[in-house]
Amino acid sequence: MNNKNNLMKSLNMKNTTKNLYPTLLLILICLITACTDSSNQNQGTVNEKSQVSEKAAAEPMVEPVASDNEPGDGFESPLVFNLKNLEGQAVQADDFKGKWLVINYWATWCAPCRDEIPELVKFQAENADTVQVVGIAYEDASIEKLQSFAKDFNVNYPLLTIDVYNPPEFAREGGLGLPTTIVYNTEGMRHKKHMGPIDAVGLQEMLQ
């Protein structure tokens, strides 16, 4: 009886193993196919990288060009501008050559600007021989409004206008925060910058 049972178990195991052959064969085929696809993909990637490398080697190297400051902005060469005052007359940076030039960016709606203007007026009156203050209105306002403002505040220095939608290169940073004051030395080269309101004492310190 035991021999018979053992024989039956042996036959069942053989049948089970026989039934597994197709499954194992299918798994083996899938593995071979996957390895082949992976090899082809890797080879394709290597070929693509090789083509890119060959193309890069064939093309001349182009060095990046560093952006320099605009000519005449006071960094590499003396400040240059040609703007209009409130009377419509042309005013140029060269008009003030030999003096310290204090450019103040302001607007009529700017409360800190309004507060500092009397200090600018005082500073200009006390240093007229060596310093010239210039105000640049950074707003889209009528000439009449600016003239009325200048009269109300007894402004004793030139007020110039610009196109705030397309300002000159040198003046663009002036609109980043009002008021802003930038000082140029007697040769027209940029000396110091101050953002926020300033008084006569602070202006004097900027010349140091």
The residue from THR130, THR108 that alone is under 21 Å from ILE182 (Cβ atoms) and surrounded by 14 or more Cβ atoms within 10 Å (Cβ to Cβ) is THR108
Scanning segment 95-134 residue by residue, those of a type in the set (Asp, Glu) and touching a residue at least 60 places away in the same chain (Cβ under 8 Å) turn out to be ASP115, GLU116, GLU119, GLU126
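Filter segment 171-208 for residues that are hydrophobic (A, V, I, L, M, F, W, C), touching a residue at least 60 places away in the same chain (Cβ under 8 Å) and in contact with a strand residue (DSSP E or B) (Cβ under 9 Å, 6 or more places away or on another chain) and give the result.
ALA171, LEU178, ILE182, VAL183, ILE198, LEU203, MET206, LEU207 - these are the residues of segment 171-208 that are hydrophobic (A, V, I, L, M, F, W, C), touching a residue at least 60 places away in the same chain (Cβ under 8 Å) and in contact with a strand residue (DSSP E or B) (Cβ under 9 Å, 6 or more places away or on another chain).
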All conditions in (1) over 19 Å from ASN185 (Cβ atoms); (2) under 32 Å from the mean Cα position of the chain (by Cα); (3) surrounded by 14 or more Cβ atoms within 10 Å (Cβ to Cβ) are true of VAL121 except (2)
Q. Are any of the residues in segment 145-164 closer than 16 Å to LYS84 by Cβ and of a type in the set (Lys, Arg)?
A. yes
Exactly one of LYS145, LYS99, LYS151 is within 24 Å of MET195 (Cβ to Cβ), among the basic types (Lys, Arg), in the same structural domain as ASP199 (by TED's automatic domain parsing) and at pLDDT 95 or above, and that one is LYS99
Cβ pairs under 8 Å, 6+ apart or interchain, first in segment 144-167 and in a strand (DSSP E or B), second among the charged types (D, E, K, R), ordered by first then second residue, are LEU160/LYS84; THR161/LYS84
TODO: Return yes or no: is ALA141 farther than 18 Å from VAL102 by Cβ and either over 21 Å from the mean Cα position of the chain (by Cα) or not β-branched (Val, Ile, Thr) (or both)?
DONE: yes
### Task
Return yes when GLY202 is surrounded by fewer than 15 Cβ atoms within 10 Å (Cβ to Cβ) and assigned by TED's automatic domain parsing to the domain that holds PHE96 and no when it is not.
no
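The values are calculated or read from the model by the stated rules, or taken from the named source; none is laboratory data. None of these values were measured; they are calculated from a predicted model. With ideal geometry, Cβ positions are generated from the backbone for all residues, glycine too; neighbour counts draw on all protein chains shown.
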